[in-house]
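Student: Would you mind keeping the following structure in view while I ask a few things?
The values are calculated or read from the model by the stated rules, or taken from the named source; none is laboratory data. All of these numbers come straight from a predicted model, not from anything done at the bench. Positions of Cβ are generated from backbone atoms using ideal geometry, with glycine treated the same way; all protein chains shown enter the neighbour counts. Areas reflect the complete protein model, heavy atoms only, side chains present, ligands, DNA and RNA absent. Shrake-Rupley method; radii C 1.70, N 1.55, O 1.52, S 1.80 Å.
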Amino acid sequence: MKTSWRSASLVASAAAVLALTTACGQENASTGTQNVGATAAAGGYGSSTTAGAGNGYGADSKDQSAAAKPEAAGKLTVAESVKLGKVLTDGAGFTLYRFDKDTAEPPKSSCDGACATAWPPVPAEGAEAATGIDKALLGEVTRSDGSKQLTIGGWPMYRYAKDTKAGDTNGQNVGGTWFASAPDGKKATLAALPGLSVRKDPKLGDIVVDKNGMTVYRFMKDQAWPVSKSACTGACLEKWPAVAPVPASDTKGVQKKGLMGFTRPDGVKQMTVNCWPIYTFSGDSAPGDTNGQGVGGTWYAVSPDGKPVGAAK
C-alpha cells in the first residue's frame, strides 16, 4: 500500500490410539504431550531504550508526522495464521493489533505521540465488516487529538510499523502488551489442536502436526514392519524428539490404521503413524516451521497416511 504511515514504517524498520491393526506388534497409544516454548519481546513497546535504539516505541519520533494520517482500514478480513489462528486484518491484509494498556469498557486509547508512530491508530472512517466479522462489534473512540479510531469489541485497533507486508505479525506479544486481534477484538490465539492433526502447508501439502502445531517427521532409517523400530537414538533423539503416544480418538485427519504407540528399547514411549515412528525437530521453533524437511536426505514431513512427503521414490 502506498500510504504515508507505511512509508514511515519502512523507514523505521530500516533504522532499527485406537489401533485397527496390530501388525506392527505394539501396544495401544497412551496420552502424552510435548511443549513448545515461546520468546516474548522485552520493553514497554518492544524496542530497547539504549543509545541508538530510537525512542523505545519501535520507530523514531522524526517519522511521527508521516504517521499522522494513516490509511483507512477498508473492508476488514479474517486471515488464518498458522501461529495465531484467526487474525483480524485490514483490507490489504495487514494485521491489526490491540494494546493491553487500552480499555474496552469504556473504549480508550493510551497510545499517543511516539507510541502512535510505532503503532499507527486505524481510522474508524471507511471501515467495513467482511464475512466472519460481526459488524455490530465495529465502533470508534475519540483520541486525544480529536481523531476517530476504529474499535472492535471496544478495543482500539492499530497497525504495527515493522509489519512491512501483508501477513506479517511482527507486533505479536511485543513488550508483553501488544497482541494481534481476533475478529471479535479479543487476543488472537491458536485453538487447541488434537494430539495429531493435519495442516495444509503451502509447499508440502497435507502434513501431520502435533498438538502444538509443530510439524511431525519420519526417519527413513526406521522400520515399521513387522514391528515398529526406531534407528534414532542418543544425540539423534535430542535433535529429533520422539512424539509421545496419543489416543487415536485424539487425532483428526490422520489414517487410523497403524496409528499406535510403542515402547523403545531405551524406555521412551513413541507414537507411530501407519506403524512408522514419528518425531518433531528441534530446529523448528514455531508452528508452521518445516526446517527438518529433507535433512540429510533421510528426514521428511509425514502425510496423513504415514508416507514421507517429498522423499525420492
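Student: Tell me which of these Ser181 doesn't satisfy, since it passes every other one: (1) modelled with pLDDT of 90 or more; (2) on the phi < 0 side of the Ramachandran plot; (3) open to solvent by 10 Å² or more (accessible area, probe 1.4 Å); (4) small (Gly, Ala, Ser).
Tutor: The one condition Ser181 does not meet is (3).
Student: If you don't mind, another one. Within the stretch 78-99, count every residue that is charged (D, E, K, R) and at pLDDT below 95.
Tutor: The qualifying residues number 3.
Student: Filter the stretch 180-224 down to residues that are farther than 27 Å from Trp240 by Cα and in contact with a Gly (Cβ under 8 Å, 6 or more places away or on another chain), then give me how many there are.
Tutor: The qualifying residues number 7.
Student: State yes or no: is Lys256 of a type in the set (D, E, K, R) and either open to solvent by less than 10 Å² (accessible area, probe 1.4 Å) or modelled with pLDDT of 95 or more (or both)? Even if it seems obvious, please write down each step before you answer.
Tutor: Working: of a type in the set (D, E, K, R): yes; either open to solvent by less than 10 Å² (accessible area, probe 1.4 Å) or modelled with pLDDT of 95 or more (or both): yes.
Taking the combined requirement at face value, the residue satisfies it.
Student: Next question, about the same structure. Every residue in the stretch 107-147 that is open to solvent by less than 50 Å² (accessible area, probe 1.4 Å) and assigned to a helix (DSSP H, G or I), please.
Tutor: Ala114, Cys115, Ala116, Thr117, Ala118, listed by residue number.
Student: Quick one: how many residues across the stretch 184-229 are part of a loop (DSSP other than H, G, I, E, B) and either touching a helix residue (DSSP H, G or I) at 6+ places or on another chain (Cβ under 9 Å) or open to solvent by less than 30 Å² (accessible area, probe 1.4 Å) (or both)?
Tutor: 13
Student: For the stretch 272-311, which positions are of a type in the set (Val, Ile, Thr) and either part of a loop (DSSP other than H, G, I, E, B) or touching a helix residue (DSSP H, G or I) at 6+ places or on another chain (Cβ under 7 Å) (or both)?
Tutor: Within the stretch 272-311, Ile278, Thr280, Thr290, Thr298, Val309 qualify.
Student: Now for a separate question. Just checking, how many residues over the stretch 287-307 are open to solvent by 20 Å² or more (accessible area, probe 1.4 Å) and more than 20 Å from Ala248 (Cα to Cα)?
Tutor: Result for the stretch 287-307: 12.
Student: Those residues that are touching a strand residue (DSSP E or B) at 6+ places or on another chain (Cβ under 8 Å) and outside any strand (DSSP E or B), I need them from the stretch 248-262; list them, please.
Tutor: At the first step, the residues of the stretch 248-262 found to be touching a strand residue (DSSP E or B) at 6+ places or on another chain (Cβ under 8 Å) are 248, 250-255, 258-262.
Result: Ala248, Asp250, Lys252, Gly253, Val254, Gln255, Gly258, Leu259.
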